[in-house]
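Read the structure below first, then the notes.
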Amino acid sequence: MGATLDKLFVDPVDLPNDTYGFIQLLFLSGVYAFVLFKGSNLISDGAEALELVPSLRGIVGAVILPVLGAVPDGAIVLFSGLGDNAKEELNVGVGTLAGSTIMLLTLPWALAVWAGRVDLDHRGQGNYNPSPDADGHPRKLSDKNSAMFSSDAGVNCSSSVKTTANLMLLTILPYLIIQIAAFGYGCYHKSENCNSEGKFPLIGMVFAMFFFAFYLWWQIRHTEGDVLMDHVFELRQRMLDEGEHTPWTLYDHDLTELLREDNLDSLLNDEVLHEFYHFYSHSSETKQEMSYPLTQQECEDLENLSDAGVALRRYRLLTALKEFFNSMDKDHNGTCDLSEVMLRLSKWEISSRAIFDAMDHNADGEVTFPEYVKFIVHYHKKFLEQLQCLDEPHNQSTESDEASQSTIIKEACLQLALGSVLVLLFSDPMCGVLSQLGSRSTIPAFYISFVVAPLASNGSEILAAYNFAKKKTVQSVSVSLNTLLGAACMNNTFCLGIFMAIIAFSPKSKGLEWEFAAETLVILLAELIMFFYAIKATSRHAMRMSDAWVVFSIYPLSIAMVAALKAAKLN
């Protein structure tokens, strides 16, 4: 860090080497961790907001979101090897890398399984299409299987999780290259006794960057695939549920496309909308999204569904509105009264009473799903008519699209800029503080950073995994687990590539070497175990709560295993 920036932060080395100084170190670490947590959240929120813009969705989902998600960990790894005390602080970097990778694959994974668990039958098939119980409520998780250790509750996932797990397995190759070289030659990059084998950190860096580029290429090739569209859908639903946006801002483009349908009147017919609502309220997963075949009764229901009803299924918009309507309908009677509407829409900036009156077209005191949908579509149509842009060609962006998207882009860029500044500014002092905590305590800096740094830099991923999975659908759980596996791919490529570059290009005087055999073996073992569970989650065996507890235990066991390997002088 430059001399000017040094003056902004307290040098932890200058703090008193006593109890009071240690308390000050703990306070500084808490402050820096909180700032990094807020910075990483701003980056995550900004990138996710950009993903809502149709024109940017592909590049954001494929490139910007994965890269910016890895920036907090990458920054800590980078700054750990740049200072004058790089030999000691590099332990903070490897602790962050190992802790982040293993934590993302274990704690939020187990949390996602817990949040998304449903009843499982003897074949491992989830109860994603429940029939109403005695109270008239369709329950995906029964009381008898709601226990934390129940082996009869779990999740199913789509095949996309298996694909992402295969990518994660492929990206561990740079770890193998550098570690096999270290074991085989017994020497490192700066050893005078090494010849060509001393180039392996550089070779590992090249492979890490290659797989980083390959992962982004693969993401771009699949930007219009089901994985990305599922992620965008779940993201919009989360924002809608949290009251951050209204349907008119989140689904502006989709509403405009719906209004351009030639057979709009037949699509928004009361009977068709009732048909759509009752069929898909009973079946929360569409036929394409189900991991298992439809039952005979569900196939008959689908055949009996009108042509207009099947056409409606193309619009995730209608599915989103149906889910939001169900969230308002607290008593699950198929209609919403004034109290339910006001409770659910309290975060909107317009009067909930006014919304209810506008929804309740027949003024009977109850809002039905068709009334709700027509209200959303009607007010969007009035807005477009005011702009006189409803009749524009299909391939042109309307003024409303541009205004809405411009606002989203400005807010997102502000969040990204602020979050990036905070992360880059506080990563270096965070490394110094964690290194000093290790020096002044009996706990090595590696273990402190293994726990503290990932929680600060990846807190948003933990919350996102839970929020996605708690909807208890195959799609939402798959999005949650794909996000975690993707983060591991980025750590295996982007962050590891930075680590390799530090060792490969550092001055010989710093004495930086690849001396992290214990950490590497534990990372590889954890990823292999999680690869097995990812494959299991996509099979008919499902992933049960008993499996989730095994996954959860991997994180603390990893710390113990590193300590045992270090005690055995493996490095």
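Summary table below
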| read-out | value |
| --- | --- |
| Heavy-atom accessible surface of the range 467-571: percent carbon and sulfur, 1.4 Å | 72 percent |
| Mean Cβ count within 10 Å, highest first, over the residues of peptides 98-107, 439-448, 420-429 | 98-107, 420-429, 439-448 |
| Surface per residue (accessible, 1.4 Å probe) for the range 480-535, Å² | 26 Å² |
| Carbon and sulfur %, accessible surface of the range 142-188 computed with the full protein complex present, 1.4 Å | 62 percent |
| Between the range 499-564 and the range 320-346, the Cα center-to-center distance that results, in Å | 44 Å |
| Gain upon complete extension [F183, L8; 0.36 nm per residue less C-alpha separation] | 58.7 nm |
| Average Cα contact separation per residue, the range 414-500, under 8 Å, 6 or more apart, as relative contact order % | 12 percent |
| Cα centroid separation - the range 400-462 against the range 146-182, whole Å | 25 Å |
| Estimated dipole of the range 421-557 in Debye, rounded to 20 [Cβ of Lys and Arg +1, of Asp and Glu -1, Cα centre] | 480 debye |
| Filter on K374/K410; K199/K566; K330/K472 - keep pairs with C-alpha separation over 20 Å | K374/K410; K199/K566 |
| Whole-Hz couplings from phi, Karplus 6.51/-1.76/1.60, listed for the range 171-184; x for Gly and Pro | 7, 7, 4, x, 4, 5, 4, 6, 6, 5, 4, 5, 5, x |
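The values are calculated or read from the model by the stated rules, or taken from the named source; none is laboratory data. All values derive from a computational prediction rather than experimental measurement. Positions of Cβ are generated from backbone atoms using ideal geometry, with glycine treated the same way; all protein chains shown enter the neighbour counts. In case anyone asks, the SASA skips ligands and DNA or RNA and just uses the protein heavy atoms, side chains included. Shrake-Rupley method; radii C 1.70, N 1.55, O 1.52, S 1.80 Å.
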